[in-house]
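To start, the structure under review is shown below, and the notes come after it.
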Amino acid sequence: MNILIIGSAPSAIIANSWDLSIFNRIVAINNAWKISPSWTNSIFPEDFPMENRPVPNSNQSVHSASEYVHAQNKFGGFVYAGGTMAFTAAYWSLHTFAPSTIAYLGCDMIYSGSKTHFYGKGTPDPLRNDKTLKNLRAKSARFEAMASQLKCTVLNLSSLPKSNLVHKRVTLGELTSGTFIPKKINQAELKHVLELEKKLNYFVPNGKYWKKLHSFKEEEILKLDKMWLKVLNLS
């Protein structure tokens with residue numbers, strides 16, 4: 001199974017001109033359902049405005065915290081995964097569909113210029129003052145490591161020169177015609193970082209980690225971030 005996760009970056013509108021038939025599921029984050037009528041799953045946080053939510057047809061469905069908190073908890077919870085929807089949607093997709101491939105589009109989390117989102121100037125959620133989001137590349141590496149353990153390849157379809165996602169860059173054509181395998185990970189480093197996560201126990205069952213941010217030491221989270229980059233042999 002192939003999954004496409006679409007974010008709200010200006011470059012994501014290219015999906016509207018693509019043949020998306022290679023994907024079994026197209027997961028649109030927040031407003032991204034407006035980009036292509038081909039979306040199958042719309043995912044958004046609890047505080048996402050009602051007027052911005054889609055009305056699904058019989059082949060589509062919407063998903064929020066009542067579903068994704070459970071999925072996120074299966075992979076250690078929000079503090080370790082990074083509390084922003086690009087990562088939440090990915091962990092939810094991995095848990096829900098057990099795909100062989102997850103490809104991102106429009107989720108690079110690079111904000112510059114007057115137009116930060118395809119619909120204009122938006123709020124760059126990942127850049128808020130949040131202990132879980134100090135190192136977006138590391139959070140990206142953590143997700144790919146988790147996915148690799150489940151034999152899922154993670155790719156990035158973005159053509160932007162920079163990205164806070166560490167995944168291999170491919171074009172849609174390459175994805176359609178090629179075969180990709182999950183990255184090899186450093187198993188020894190993986191064991192160490194998972195042991196540290198368990199020891200710290202920065203776990204909030206209801207997902208509302210922001211209510212307990214004072215309980216989490218930023219230096220410990222930064223230590224974990226460095227370790228996750230090493231898991232994927234990155235720096």
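The values are calculated or read from the model by the stated rules, or taken from the named source; none is laboratory data. This structure is a prediction, so every number in the text was calculated from the model and none was measured. Every residue, glycine among them, receives a Cβ derived from its backbone with ideal geometry; neighbour counts consider all protein chains shown. For the accessible areas, the whole protein counts, side chains as well, though only heavy atoms, and no ligand, DNA or RNA atoms are used. Shrake-Rupley method; radii C 1.70, N 1.55, O 1.52, S 1.80 Å.
This model, with +1 at the C-beta of Lys and Arg and -1 at the C-beta of Asp and Glu, gives the chain a dipole about its Cα centre of some 520 debye.
Cα centroids of the stretch 183-210 and the stretch 1-70: 28 Å apart. Please list, in order, the residues from the stretch 1-42 whose amide nitrogen is less than 14 Å from a point placed 7 Å along the Cα→Cβ vector of Thr176. Once the point is set 7 Å along Cα→Cβ of Thr176, 15-23 turn out to lie under 14 Å by backbone N, inside the stretch 1-42. Accessible area per residue was computed with a 1.4 Å probe on protein heavy atoms; Asp19 scores about 110 Å². Rounded to the nearest 0.05, the FRET efficiency derived from the C-beta distance between Gln149 and Phe216 at R0 = 30 Å is 0.75. Computed from label points 7 Å out along Cα-Cβ, the spacing between Asn129 and Asp47 is 1.5 nm.
Sorting Met50, Met227 on solvent-accessible area from highest to lowest, probe radius 1.4 Å, gives Met50, Met227.
Of the residues Trp92, Trp210, Trp39, the one that moves most in a GNM of the chain with alpha-carbon contacts below 10 Å is Trp210. Once all protein chains are placed together, Phe97 keeps about 40 Å² accessible to a 1.4 angstrom probe. With every protein chain in place and a 1.4 angstrom probe, the accessible-area ranking of Glu144, Glu51, largest first, reads Glu51, Glu144. The DSSP beta bridges internal to the chain are antiparallel in roughly 5% of cases.
Filter Lys134/Lys184; Lys162/Lys198; Lys151/Lys212; Lys34/Lys230; Lys184/Lys208; Lys168/Lys211 down to the pairs with a C-alpha to C-alpha distance above 29 Å, please. Lys162/Lys198; Lys151/Lys212; Lys34/Lys230; Lys184/Lys208; Lys168/Lys211, as the Cα separations exceed 29 Å there. Compare the Cα positions of Ile181, Val170, Met146 along the charge dipole of the stretch 125-181 (+1 at Cβ of Lys, Arg; -1 at Cβ of Asp, Glu; about the Cα centre) and return the one farthest towards the positive end. Sorting the options by dipole projection puts first Met146. Taking Cα atoms only, the orientation of helix 85-97 departs from the longest principal axis of the chain by about 80 degrees. With 0.36 nm allotted per residue and the present C-alpha distance subtracted, the Ser61-Ser100 stretch has 11.9 nm of extension available. The largest accessible area among Val170, Val62, Val55 belongs to the first residue in Val55, Val62, Val170, and the rest follow in falling order (1.4 Å probe, all chains).
In the chain the longest region clear of trypsin sites (Lys or Arg not before Pro) that are loop-assigned by DSSP and have at most 15 other C-beta atoms within 10 Å covers 1-73.
Can you find, among Ser8, Gln72, Val55, the residue farthest towards the positive end of the dipole of the chain? Put +1 on the C-beta of Lys and Arg, -1 on that of Asp and Glu. About the Cα centre, the residue reaching furthest to the positive side is Gln72. Its residues counted as N, the chain yields a C-alpha radius of gyration over 2.2 N^0.38 Å of 0.96.
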